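Participant: Handing you a structure now.
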Amino acid sequence: MTTSTQIGFIGQPEVASHQVRMQGLGVAREIPNRQGTGDFGQPDLKTRPAAAPRVRFYSKACRAGASSGIRRMTSNPPNRSNELRLAAILSAVGIVLLVTGSRFHGGAQPQDLQAVSTDYAANPHWHLVHLLQFLGLFAMLAGQMSLLSLIRERSDSSFAWVATFAAVVAACTYAANQAVDGAAIQYVSQAFVAAPEPERATALRIAEAVRHVEQGLSGLAVFSWGLALLLAGAAILLGRVFPLWLGWGALLPGAAQLASGISIYFVGFEHHRLGVLASLLCLVWTAAAAISMWREARAQSLVERLSPKSDRS
């Protein structure tokens with residue numbers, strides 16, 4: 001009677017080679033059994049390899065995601081130096097515009113509308129001031145979204161996506177706020193100042209109603225900006241594309257803006273000094289982000305110049 005089992009030394013069966021199939025990556029190849037032999041032809045258990053685990057991906061989406069992740073790791077990232085330089089310049093210009101506009105705003109006690117209405121009504125640069133403030137914050141948020149775009153490209157961070165959305169919401173809400181503050185508030189302030197004594201109470205109530213619209217928009221805009229900064233800090237810390245200190249540094253102004261936004265939304269401008277402190281922290285962080293983006297752009301340009309032409313294509 002014959003058998004298909006091959007007989008090795010001293011009657012021990014010879015161990016055949018085994019096959020490992022990586023079904024998830026579409027690879028199947030033969031791996032010879034390289035186990036050694038000990039005394040009297042016995043298999044050497046010390047050198048016997050462990051059984052290869054079987055990896056299966058049952059979803060085509062998982063296989064596609066794995067292959068795209070491999071391509072992202074192996075392919076050269078695109079050169080974003082020009083975009084980063086533009087983002088850094090926008091951030092710096094935004095700081096200048098926002099500070100310049102705030103310098104000529106006037107009104108040292110925003111919590112008392114009756115006291116500051118005279119300053120608001122007499123300011124000849126009122127519309128220009130708020131336009132500069134809007135353009136300043138718009139430029140700063142544009143630079144921040146460029147930073148988040150690079151983080152999304154390099155690390156596929158979910159925090160970067162949500163932070164970008166929060167920044168867009170902050171820009172839109174701030175635009176509506178500046179429309180009310182830059183046009184409507186001065187109009188009702190002028191109407192209150194010019195109103196005769198019997199009509200001043202009615203004019204003041206109208207001005208306060210418009211002021212409450214500004215209060216709600218301003219609170220939501222500041223809150224959204226603070227949320228965008230907190231999420232940007234988390235994206236920087238987890239993505240590890242930019243220095244970690246930049247991520248930690250975004251948490252403090254983000255938390256300050258959140259607190260200031262909540263305060264403005266619920267109680268008005270009573271704690272306006274908190275808003276001033278939060279704005280200063282945001283300006284400092286934006287300047288630091290501009291410097292980091294400029295350095296990253298310079299590093300990418302250096303790599304581009306030193307890399308061979310075959311690697312660029």
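The values are calculated or read from the model by the stated rules, or taken from the named source; none is laboratory data. Note that the structure is a prediction, hence the values are computed from the model and not measured. Here the Cβ positions follow ideal geometry from the backbone for every residue, glycine too, while neighbour counts run over all protein chains shown.
Participant: Hey, among Ala201, Ala183, which residue is under 21 Å from His130 (Cβ atoms) and either part of a helix (DSSP H, G or I) or of a type in the set (Asp, Glu) (or both)?
Facilitator: Criteria check complete, one pass: Ala183.
Participant: Follow-up. I'd like to know if the stretch 90-111 contains one or more residues that are crowded, with 17+ Cβ neighbours inside 10 Å, of a type in the set (A, V, I, L, M) and under 17 Å from Tyr187 (Cα atoms).
Facilitator: Within the stretch 90-111 (the criterion being crowded, with 17+ Cβ neighbours inside 10 Å, of a type in the set (A, V, I, L, M) and under 17 Å from Tyr187 (Cα atoms)), the answer is no, since none of the residues qualifies.
Participant: Given (1) over 21 Å from Ala142 (Cβ atoms); (2) surrounded by 19 or more Cβ atoms within 10 Å (Cβ to Cβ); (3) not small (Gly, Ala, Ser), identify the lone condition not met by Arg200.
Facilitator: (2)
Participant: With (1) of a type in the set (S, T, N, Q); (2) surrounded by fewer than 17 Cβ atoms within 10 Å (Cβ to Cβ); (3) at pLDDT 95 or above as the list, and Asn177 as the residue in question, which single condition is left unmet?
Facilitator: (2)
Participant: Quick one: which of Leu306, Leu281, Leu302 is free of Cβ contacts under 8 Å to residues at least 40 places away in the same chain and surrounded by 13 or more Cβ atoms within 10 Å (Cβ to Cβ)?
Facilitator: Leu281
Participant: For the stretch 83-123, name all the residues that are over 20 Å from Val210 (Cα atoms) and more than 19 Å from the chain's Cα centre (by Cα).
Facilitator: Passing the criteria: Val93, Val96, Leu97, Leu98, Val99, Thr100, Gly101, Ser102, Arg103, Phe104.
Participant: Is it the case, given these coordinates, that Ala115 is of a type in the set (A, V, I, L, M, F, W, C) and either closer than 14 Å to Ala287 by Cα or surrounded by fewer than 22 Cβ atoms within 10 Å (Cβ to Cβ) (or both)? Reasoning before the result, please.
Facilitator: On the way: of a type in the set (A, V, I, L, M, F, W, C): yes; either closer than 14 Å to Ala287 by Cα or surrounded by fewer than 22 Cβ atoms within 10 Å (Cβ to Cβ) (or both): yes.
When the stated conditions are applied, Ala115 passes them.
Participant: Please pick out the residue among Ala183, Ala232, Ala191 that is free of Cβ contacts under 8 Å to residues at least 40 places away in the same chain and either out of contact with any strand residue (DSSP E or B) (no Cβ under 9 Å at 6 or more places or on another chain) or closer than 30 Å to Glu296 by Cβ (or both). Break it down stepwise before answering.
Facilitator: Numbers: Ala183 fails: free of Cβ contacts under 8 Å to residues at least 40 places away in the same chain; Ala232 fails: free of Cβ contacts under 8 Å to residues at least 40 places away in the same chain.
The conditions single out Ala191.
Quick grid of which residues meet (1) touching a residue at least 60 places away in the same chain (Cβ under 8 Å); (2) within 18 Å of the chain's Cα centre (by Cα):
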site: Val210; (1), (2): no, no
site: Leu217; (1), (2): no, no
site: Leu227; (1), (2): yes, yes
site: Pro243; (1), (2): no, yes
site: Ala250; (1), (2): no, yes
site: Phe266; (1), (2): no, no
site: Ala289; (1), (2): yes, yes
site: Arg298; (1), (2): yes, no
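Participant: Look at Phe269 and say whether it is under 30 Å from Arg152 (Cα atoms) and at pLDDT below 95. Working first, answer last.
Facilitator: Details: under 30 Å from Arg152 (Cα atoms): no; at pLDDT below 95: yes.
Judged against the criteria, Phe269 is not a match.
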